[in-house]
Amino acid sequence: MARRAEPVDIPEVDALPGFPLPHERNRLIGHTKTEQALLEAYRSERLHHAWILGGPKGIGKATLAFRFARFVIANPDRFGPEVAAMRNLDLPDDHPVTRQVKAGGHPNILHLRRPWDEKSKRFKADLPVDEVRRTVSFFGTTASAKAWRICIVDAADDMNISSANALLKILEEPPEQCLFLVLSHAPGRLLPTIRSRCRRLDLEPLGADLISEGLKELAPDAASSDQDLFEISQTADGSLRSAITLLSGDGLAIARGLRQLANAADRPDLAAVHALADLVSARGQTDNWESFQHILQIWLHESMRRDLQGGVRNAYSYVELWEKTNQATRDAESLNLDRKQVVLDFFFALRAL
């Protein structure tokens, strides 16, 4: 007799070990105005069927999307007295919909994200068209007249051209009682035809005080000092996710080292550069790699803005370095290339400026 296969835990893309996923969190840090906009739209006469929730990665877009989805499913009558009396999208922790979504899913919510490739033991580099086509069967199933079905695309930036066109097709002919919540870190890069069929709501980066509040809630014992907590909140650039990765691994050391070495790129300390590259590319330290990318983007943005405002002639060289480094990090992710070489190449290119 064949042995029964043991269940395999499939990881979640962008999961942070030890921290709750967006569908597991009932509370949202900040974004009260955006939440109010969704609530007012839901109980208005004309509710748009598709929304783009835009803003930098890690500021709470997915948490807000699931918060809105839970609220809609629990309150299907948009014009009922319960919805009219609501002041936010809160649902009790013991509500059946809250418990079901937290446990791993609800039959009326379809969460599209980059899938896990069991053969390569890695997440796929993009959100493939087969995933987006799951909407056909999802919206094709029979539901009661009052039941809402909600598709969360997380994130639309991961779609290739085929999957983007597949999403566009269903956005053009939306089913009844459906909502699309399309998350995007850079909405301006989405297909214009997708943007034209969605209403856009942008979430603002979180302030340092809200970052600190989130860290105290999610990682109350992780920060070694108030100074570390303050520095992380300032360095996170409005992203709670980035703050968590800075706090979880060697993020703070990477942030300090990268800034120090980048600001002295004309006289590089090669031993320190290699030490930083080893720290960033250490096996199994995905938090370090993510922290490096985040700090690098902040430093390049600050450098471009400073030089452009100061009229420095080589300011646009930073744009080229930005594009080159972004491509290098994407290639390292998708092709499993040497991450240490990405770090070294950045400092060599920076020195050449």
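The values are calculated or read from the model by the stated rules, or taken from the named source; none is laboratory data. Remember, predicted model here, so these are calculated numbers, not experimental data. Glycine gets a Cβ as well: all are built from the backbone with ideal geometry, and neighbour counts include every protein chain shown.
Only residues that are among the basic types (Lys, Arg) and loosely packed, with under 13 Cβ neighbours inside 10 Å were counted in segment 100-121, giving 2. Residue count for segment 199-213 under the criterion of being assigned to a helix (DSSP H, G or I) and crowded, with 16+ Cβ neighbours inside 10 Å: the result is 5. Can you give me the number of residues within segment 169-202 that are within 21 Å of the chain's Cα centre (by Cα) and closer than 16 Å to Arg134 by Cα? So the answer is 4.
Count, please, the residues in segment 196-234 that happen to be touching a Gly at 6+ places or on another chain (Cβ under 8 Å) and touching a residue at least 24 places away in the same chain (Cβ under 8 Å). Walk me through it before giving the result.
Filtering segment 196-234 down to residues touching a Gly at 6+ places or on another chain (Cβ under 8 Å) leaves 200-207, 210-211, 232.
Now restrict to residues that are touching a residue at least 24 places away in the same chain (Cβ under 8 Å): 200-207, 210-211.
Looking only at that region, the number is 10.
On inspection, Trp116 qualifies as more than 30 Å from Ser233 (Cβ to Cβ) and touching a Phe, Trp or Tyr at 6+ places or on another chain (Cβ under 8 Å).
Take the residues of segment 161-184 that are within 21 Å of Ala125 (Cα to Cα) and either modelled with pLDDT under 95 or hydrophobic (A, V, I, L, M, F, W, C) (or both): which is surrounded by the fewest Cβ atoms within 10 Å (Cβ to Cβ)? Step through it out loud before you land on a result.
Within segment 161-184, the first condition is being within 21 Å of Ala125 (Cα to Cα), and the residues that meet it are 161-168, 182-184.
Narrowing further to those that are either modelled with pLDDT under 95 or hydrophobic (A, V, I, L, M, F, W, C) (or both): 161, 164, 166-168, 182-183.
Details: Ile161: 10, Ala164: 19, Ala166: 21, Leu167: 28, Leu168: 17, Val182: 28, Leu183: 26.
Among those residues, the one meeting the criterion is Ile161.
Considering only segment 186-196, how many residues are at pLDDT 95 or above and surrounded by fewer than 20 Cβ atoms within 10 Å (Cβ to Cβ)? The number of residues fulfilling the criteria is 5. Is it the case that segment 57-64 has a residue that's at pLDDT below 95, surrounded by 15 or more Cβ atoms within 10 Å (Cβ to Cβ) and over 16 Å from Pro20 (Cβ atoms)? Yes, that holds for at least one residue.
Residues in segment 93-109 include none that are of a type in the set (D, E, K, R) and farther than 22 Å from His23 by Cβ. Based on this model, can you work out whether Arg283 counts as in contact with an Asp or Glu (Cβ under 9 Å, 6 or more places away or on another chain), more than 21 Å from Pro205 (Cα to Cα) and surrounded by fewer than 16 Cβ atoms within 10 Å (Cβ to Cβ)? Spelling it out, it is not the case that Arg283 is in contact with an Asp or Glu (Cβ under 9 Å, 6 or more places away or on another chain), more than 21 Å from Pro205 (Cα to Cα) and surrounded by fewer than 16 Cβ atoms within 10 Å (Cβ to Cβ). For segment 329-353, filtering for residues that are aliphatic (A, V, I, L, M), modelled with pLDDT under 90 and closer than 17 Å to His294 by Cβ leaves 1. Taking the criterion of being more than 23 Å from Asp202 (Cα to Cα), assigned to a loop (DSSP other than H, G, I, E, B) and small (Gly, Ala, Ser), would at least one residue in segment 128-140 satisfy it? Within segment 128-140, not a single residue is more than 23 Å from Asp202 (Cα to Cα), assigned to a loop (DSSP other than H, G, I, E, B) and small (Gly, Ala, Ser). Which of the residues spanning segment 141-172 are within 22 Å of Leu64 (Cα to Cα) and assigned to a helix (DSSP H, G or I)? Within segment 141-172, Ala156, Asp157, Asp158, Leu167, Leu171 meet the criteria.
Go through the residues of segment 59-66 one by one and say whether even a single one is over 21 Å from Ala15 (Cβ atoms) and in contact (Cβ under 8 Å) with a residue 60 or more places away in the chain. Before the answer, list the steps.
Let us first name the residues in segment 59-66 that are over 21 Å from Ala15 (Cβ atoms), namely none.
Scanning segment 59-66, I find no residue that is over 21 Å from Ala15 (Cβ atoms) and in contact (Cβ under 8 Å) with a residue 60 or more places away in the chain, so the answer is no.
If you check Ala223 against the conditions, is it of a type in the set (Gly, Ala, Ser) and either at pLDDT below 90 or more than 27 Å from Pro20 (Cβ to Cβ) (or both)? Please lay out each step first, then the result.
Values: of a type in the set (Gly, Ala, Ser): yes; either at pLDDT below 90 or more than 27 Å from Pro20 (Cβ to Cβ) (or both): yes.
Yes; evaluated as a whole, the condition is true for this residue.
Among the residues of segment 220-252, how many are assigned to a helix (DSSP H, G or I) and more than 23 Å from the chain's Cα centre (by Cα)? Steps first, please.
Keep residues of segment 220-252 that are assigned to a helix (DSSP H, G or I), which gives 226-235, 240-248, 251-252.
Add one more test, that the residue is more than 23 Å from the chain's Cα centre (by Cα), and what stays is 226-228.
Number of matching residues: 3.
Can you confirm whether Ala262 is more than 23 Å from the chain's Cα centre (by Cα), among the small types (Gly, Ala, Ser) and either closer than 21 Å to Val13 by Cα or part of a helix (DSSP H, G or I) (or both)? Here the answer is yes, as Ala262 does meet what is asked. Selection of segment 269-287 for residues being in a helix (DSSP H, G or I) and more than 17 Å from the chain's Cα centre (by Cα) yields Leu270, Ala271, Ala272, Val273, His274, Ala275, Leu276, Ala277, Asp278, Leu279, Val280. Restricting Ile73, Ile59 to residues that are assigned to a loop (DSSP other than H, G, I, E, B) and under 26 Å from Ile194 (Cα atoms) narrows the list to Ile59. Which residues, taken from segment 20-56, are of a type in the set (Phe, Trp, Tyr) and either within 13 Å of Val182 (Cα to Cα) or surrounded by 21 or more Cβ atoms within 10 Å (Cβ to Cβ) (or both)? Result: Trp51, single match.
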